[in-house]
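Structure record follows, encoded as structure tokens.
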Amino acid sequence: WDNADFSRGVGTTFYQEFSTLNTAKPPFVRDVEAKVRRYMRSSYSAAWTLKITWEKAPVYAAWTDTRKTITYQAVLTTDGFRSYILILYQDGGMQWDYTRLASTNVLIGYT
């Protein structure tokens, strides 16, 4: 979730909301529920899920290099009581040259 810069017209952001409280669940939501159950070792049934995708996002400032881009997602989900987030990166992980970022203490994931 670093400073992506879309000002040069490179990269796109998409989102999709899934409200599944009283409806059939699409395969994506069922997959999210399975991941939460597996990682958290608990029962889980999503009432709402939001998928945000940053596709081919260039690093800030885009004027320096728009060739190295990354695609990543954040999936937020809740059953109305508990909430979870899945942070997913493209195969190969972070493609930005972190040595050229303003901050060099870079982590993938969260702490």
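Selection of the range 44-63 for residues being among the aliphatic types (A, V, I, L, M), more than 25 Å from Arg82 (Cα to Cα) and within 18 Å of the chain's Cα centre (by Cα) yields Ala57, Val59. Residues in the range 41-52 that are out of contact with any strand residue (DSSP E or B) (no Cβ under 7 Å at 6 or more places or on another chain) and either β-branched (Val, Ile, Thr) or loosely packed, with under 12 Cβ neighbours inside 10 Å (or both): Arg41, Ser42, Ser43.
Determine whether the range 30-43 contains at least one residue that is closer than 21 Å to Phe81 by Cα, touching a residue at least 24 places away in the same chain (Cβ under 8 Å) and out of contact with any Phe, Trp or Tyr (no Cβ under 8 Å at 6 or more places or on another chain). Yes: the range 30-43 contains one or more residues that are closer than 21 Å to Phe81 by Cα, touching a residue at least 24 places away in the same chain (Cβ under 8 Å) and out of contact with any Phe, Trp or Tyr (no Cβ under 8 Å at 6 or more places or on another chain). Is it the case that Gln16 is closer than 18 Å to Ala4 by Cα, in contact with a strand residue (DSSP E or B) (Cβ under 7 Å, 6 or more places away or on another chain) and of a type in the set (S, T, N, Q)? So Gln16 fails the test.
Pairing residues of the range 1-18 that are over 14 Å from Thr71 (Cβ atoms) with residues that are in a loop (DSSP other than H, G, I, E, B) and modelled with pLDDT under 95, at Cβ distances under 6 Å and at least 6 apart in sequence or on separate chains, gives Asn3/Tyr60; Asp5/Tyr60; Asp5/Ala61; Asp5/Ala62; Ser7/Ala62; Arg8/Ala62; Arg8/Thr66. The residues of the range 5-30 that are open to solvent by less than 70 Å² (accessible area, probe 1.4 Å) and under 18 Å from Val75 (Cα atoms), listed by number, are Thr12, Phe18, Thr20, Lys25, Pro26, Phe28, Val29. Only one of the numbered conditions (1) of a type outside the set (D, E, K, R); (2) at pLDDT 70 or above; (3) open to solvent by 30 Å² or more (accessible area, probe 1.4 Å); (4) not in a helix (DSSP H, G or I) is violated by Ser103, and that is (2).
The values are calculated or read from the model by the stated rules, or taken from the named source; none is laboratory data. In this text, all values refer to a predicted model and were calculated from it rather than measured experimentally. In this analysis, Cβ positions are derived from the backbone assuming ideal geometry, glycine residues included, and neighbour counts consider all displayed protein chains. Remember, those area values only see protein heavy atoms, side chains included, never the ligands or the DNA or RNA. Shrake-Rupley method; radii C 1.70, N 1.55, O 1.52, S 1.80 Å.
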